[in-house]
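The structure appears right after this line, and notes come after that.
The values are calculated or read from the model by the stated rules, or taken from the named source; none is laboratory data. For clarity, every value in this text was computed on a predicted model and none was experimentally measured. Quick reminder, even Gly has a Cβ in these numbers, built from the backbone with ideal geometry, and neighbours come from all protein chains shown.
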Amino acid sequence: MKTIRIGAGAGYSGDRIEPALELAEKGDIQYLVFECLAERTIALAQQARRKDPEKGYDPLLAERMEAVLRTCHERGIRIVTNMGAANPFAGAAKIAEVARARGIKGLKIAAITGDDVLAQLKARDFPLMETGAPVSTLDGIVSANAYLGAAPIVEALKEGADVIITGRVADPALFLAPLIHEFDWSMADWNLLGKGTVVGHLLECAGQVTGGYFADPPVKNVANLARLGFPIAEVKPDGSAIITKVAGSGGNVCARTCKEQLLYEIHDPARYLTPDVVADFSAVTITEIGPDRVQVDGGRGHPKTDTLKVSVGHLEGYIGEGQISYAGPGALERGRLALDIVCERLNLACVRTSELRFDLIGLDAIHGPAHAMGLPAEVRVRVAGRTDTARDAARIGNEVETLYTNGPAGGGGASKNTREVMAVASVLIPRDIAVPKIHYLGV
């Protein structure tokens with residue numbers, strides 16, 4: 001029976017690059033998928049494109065392609081990625097540039113666009129999923145990207161594309177598309193699409209399913225995480241799969257790592273909504289069949305919805321932050337005095353904030369004062385606030401920094417930063433508003 005081996009080369013934008021090369025060189029794979037987009041990531045990419053029309057793709061795109069492109073091309077491994085972010089066409093051009101610089105010829109690159117629906121969104125005032133208010137009530141809308149499905153990727157594969165780069169595509173769809181193409185699955189066979197979505201969901205976060213996010217010593221020990229191997233799915237035409245990794249790589253694939261990843265970011269396991277199918281994970285079985293080999297069966301599916309989700313990126317003020325450390329006898333008392341000083345200083349300066357936090361990292365920054373235990377030997381003061389203006393945000397960090405000479409004794413390692421807040425909201429749109437387009441480049 002035909003088996004397709006798909007490797008997950010990345011699980012987020014800044015992920016390690018070495019495991020992807022290991023998959024290309026030693027994984028005996030036919031597809032290498034880089035999943036690098038999050039809701040906020042694409043909104044930030046849209047900001048980058050506004051500053052430079054030739055940017056807006058993933059900042060590590062060139063470096064990743066420099067690492068794997070030659071090996072993949074020589075071995076016939078096809079690459080699928082959403083590293084196009086806000087500018088897939090420019091990303092495709094960058095891949096072509098990398099190929100030419102390395103003397104790679106005969107490469108067909110496909111760029112998939114159509115997820116950017118900002119103009120359409122502004123023309124029709126859809127309600128926000130979070131509040132029900134019209135999308136026009138948001139100030140400073142920067143981006144609106146619909147989650148596309150597997151169909152345009154499947155089409156590009158049928159047209160012989162060696163590398164496919166997309167913008168906002170649902171994470172599992174990046175893995176589902178090669179299965180639809182290779183096994184000639186119907187786009188209306190909901191159970192097969194559901195099974196393929198299970199595979200995609202298990203792979204989409206890369207090192208999480210091979211033990212990275214699972215590790216929690218001493219209860220859950222995972223060996224050699226510094227050399228963590230990324231996962232491979234061996235998939236058969238019936239949608240069943242074995243999750244594994246390159247032999248000898250770090251990490252661990254077991255029933256528990258797969259179960260944790262299966263439930264990761266899932267609201268209703270029986271109705272996991274994607275652009276391609278409403279997947280049902282409730283009957284999935286996970287069975288260890290050998291070292292680092294887990295059999296996955298039992299996924300199902302139901303007809304897809306009539307709408308697509310859109311992530312709307314919008315500006316929402318600024319955050320100012322300052323930090324400084326105190327250590328040794330009396331560290332806690334000096335840290336508390338430092339917070340009191342900054343609080344009074346911000347009041348004297350009439351700094352206006354919609355949210356303001358005063359934390360002692362090492363004591364109460366995560367769980368709050370009620371859970372503080374014992375007297376720490378060191379604390380790090382952190383003050384952070386949300387403001388309407390960059391000026392007010394900068395003042396927060398500045399007041400913490402002045403504790404060097406105007407506050408308790410012994411402060412060190414001060415840092416400060418001011419950043420614009422990119423918030424994300426969601427709307428649902430009719431499917432016909434987001435029309436995928438495929439652009440081909442040859443090298």
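A few points about this structure:
- Matching residues, the range 245-272, being over 18 Å from Glu35 (Cβ atoms) and not in a loop (DSSP other than H, G, I, E, B): Gly250, Ala255, Arg256, Lys259
- Among the residues of the range 115-136, those identified as buried (at least 19 other Cβ atoms within 10 Å of the Cβ) and either under 22 Å from the mean Cα position of the chain (by Cα) or of a type in the set (Ser, Thr, Tyr) (or both) are Asp115, Asp116, Val117.
- When the range 387-411 is filtered for residues that are touching a helix residue (DSSP H, G or I) at 6+ places or on another chain (Cβ under 8 Å) and of a type outside the set (Val, Ile, Thr), the ones remaining, listed by number, are Arg395, Glu399, Leu403, Asn406, Gly407, Pro408, Ala409, Gly410, Gly411.
- Residues being hydroxyl-bearing (Ser, Thr, Tyr) and part of a strand (DSSP E or B) - total across the range 309-364: 4
- Total residues in the range 152-171, condition touching a helix residue (DSSP H, G or I) at 6+ places or on another chain (Cβ under 8 Å) and either at positive phi or not charged (D, E, K, R) (or both): 9
- Whenever a residue of the range 301-318 is within 17 Å of Val424 (Cβ to Cβ), its partners that are charged (D, E, K, R) and modelled with pLDDT of 95 or more, lying with C-beta atoms within less than 6 angstrom and at least six residues away or across chains, give the pairs Leu308/Arg431; Gly317/Arg386; Gly317/Asp388.
- Residue match in the range 72-82 (condition: of a type in the set (A, V, I, L, M, F, W, C) and either in a strand (DSSP E or B) or not assigned by TED's automatic domain parsing to the domain that holds Tyr264 (or both)): yes
- Of all residues in the range 257-288 being among the aromatic types (Phe, Trp, Tyr) and within 21 Å of the chain's Cα centre (by Cα), the one that is farthest from Ala150 (Cα to Cα): Tyr264
- For Asn82, the stated conditions do not hold, so it cannot be described as out of contact with any strand residue (DSSP E or B) (no Cβ under 8 Å at 6 or more places or on another chain) and crowded, with 23+ Cβ neighbours inside 10 Å.
- Positions within the range 3-46 being touching a Lys or Arg at 6+ places or on another chain (Cβ under 9 Å), buried (at least 24 other Cβ atoms within 10 Å of the Cβ) and over 18 Å from Gly229 (Cβ atoms), in sequence order: Cys36, Leu37, Ile42, Ala45
- Of the strands (runs of 3 or more DSSP E) lying entirely inside the range 368-443, the ones with 2 or more residues being in contact (Cβ under 8 Å) with a residue 24 or more places away in the chain, under 30 Å from Ala146 (Cβ atoms) and not hydrophobic (A, V, I, L, M, F, W, C) are found at 412-430, 437-442.
- Test result for Leu193, assigned by TED's automatic domain parsing to the domain that holds Pro275, at pLDDT 95 or above and crowded, with 16+ Cβ neighbours inside 10 Å: yes
- Number of the exception - Thr71 against (1) free of Cβ contacts under 8 Å to residues at least 60 places away in the same chain; (2) surrounded by 20 or more Cβ atoms within 10 Å (Cβ to Cβ); (3) among the polar types (S, T, N, Q): (2)
- Across the range 321-331, not a single residue is classified as touching a Phe, Trp or Tyr at 6+ places or on another chain (Cβ under 9 Å), among the small types (Gly, Ala, Ser) and either outside the structural domain of Arg49 (by TED's automatic domain parsing) or modelled with pLDDT of 95 or more (or both).
- Candidates in the range 391-443 are the residues that are in contact with a Leu (Cβ under 8 Å, 6 or more places away or on another chain) and farther than 30 Å from Asn87 by Cα; of these, the one that is surrounded by the most Cβ atoms within 10 Å (Cβ to Cβ) is Ile396.
- Just so you know, in the range 218-237 the residues that are over 14 Å from Arg16 (Cβ atoms) and assigned to a loop (DSSP other than H, G, I, E, B) include one that is nearest to the chain's Cα centre (by Cα), and it is Val222.
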